[in-house]
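Heads up, the thing below is written out as structure tokens.
Nothing in this text is a laboratory measurement; each read-out follows from the coordinates by a stated rule. Since we're looking at a predicted model, the values are computed, not measured. Reconstructed Cβ throughout: ideal geometry from the backbone, glycine too, with neighbour counts over all protein chains shown.
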Ligand SMILES: Nc1ncnc2c1ncn2[C@@H]1O[C@H](COP(=O)(O)OP(=O)(O)OP(=O)(O)O)[C@@H](O)[C@H]1O
Ligand SMILES: [Mg+2]
């Protein structure tokens, strides 16, 4: 019988190059290095029969045995999704459905995010693998907790392709649902506490050298205890801090849901950094006050136009070298030449606290190099002035009746708000972007 200790398993140190293996092997190896069962309270349904024949101590000498083990093992570290009882569908993301479920053994509530495999010729989707690997590294109170990865039973007993699920702790709400529900009364303390949680989660991410690349209210969950959790790492990726003469790393600019997308991405920048996520935090902060997404463009051109309208004209005077960005000239017609920055005037009715307004102005700075880092923003005076932020917003969550949980949790329409064209995920042949519901959130500043 194989040991359950994480260090004694020979495959724990397997590199992620397992992506090149056939599906069964790849999945086993890729996920065995992540052994979630050893870290959870769920208990283990561990089938060690195949592993039992394997000599773990002499891994160097038994490559053939190792290969045989990998080919015959039935995902020994991957639980069966039947351990969970599906309760209801709570979300429809770009990549698949999300279900609320209950662990049959412990009664714990979880969210099961199905990984769409239908169009995968290459095996386990790299984006899902990235999401798992990212979440493995990120243990933080303000980042969603990946409990484990599980799969359908059929895959254990047949050659049929398995369906995989990411299992995370269930959260009662996502922020998009919460803020759009006007029966939920948000006080200045609630907003401040939420902002602190959000920035703390993002700071952890950035310290781990990871970009989120899809900051939006629907990707921020709120637990039953009133703690915010940054979620949905499907577009996240590690970044390299450029220094010296090395050529700068290029990333795709086809990321971030349109309404939360910063101007540098709309202008084609491919050398962005953590400040793209900071712009998203600015949009979310404004939304906490206004209760609707503040810039709701239908196309990239319109989104850029709305940014110019609210934050002032984008030009080399306010943003040196912006004219060198790839799409600056092409997008010139989408940028009104002499727009005054009216962010403050527009928001003053909603944001009464001058320090909050000041932070918002900083987060939504056009020139990315002038935006604060998440770390710096946490130390903004706003968080040190009365009323001070609390540990959580459980007092608010307790006031929301059960019936509203269904209203606010995982609303598909919310999850896809602002999901514009040229977002990277739909282009991987997985799912067409859903349209913004008719008559809602069209081409407008809140
Ligand atoms: N742990 C959870 N608890 C409660 N709800 C959740 C949980 N995880 C996801 N959801 C709900 O499901 C929705 C979709 O999940 P997620 O964002 O992870 O999937 P996605 O396919 O990447 O979505 P999208 O592409 O629309 O951003 C979330 O917006 C949220 O409402
Ligand atoms: Mg999402």
Per-residue counts of other Cβ atoms within 10 Å, averaged by peptide: what ranking do you get for 376-382, 320-326, 302-308, highest first? 302-308, 376-382, 320-326
Contour excess over end-to-end distance, with Cα ends at residue 86 and residue 345 and 0.36 nm allotted per residue: 88.5 nm
Note: residue 188 to residue 386 extended length (0.36 nm per residue) minus current alpha-carbon separation gives 70.3 nm
At 0.36 nm per residue, and after removing the present C-alpha to C-alpha distance, how many nm does the segment from residue 106 to residue 399 gain when stretched out fully? 102.8 nm
Of the listed peptides 361-370, 166-175, what is their order by residue-averaged count of other C-beta atoms within 10 Å, with the highest listed first? 166-175, 361-370
Burial ranking of peptide ranges 266-279, 211-224, 334-347, 177-190 (average Cβ count within 10 Å, highest at the top): 211-224, 266-279, 177-190, 334-347
Pairwise FRET efficiency - residue 329 versus residue 224, Cβ, R0 = 60 Å, nearest 0.05: 0.75
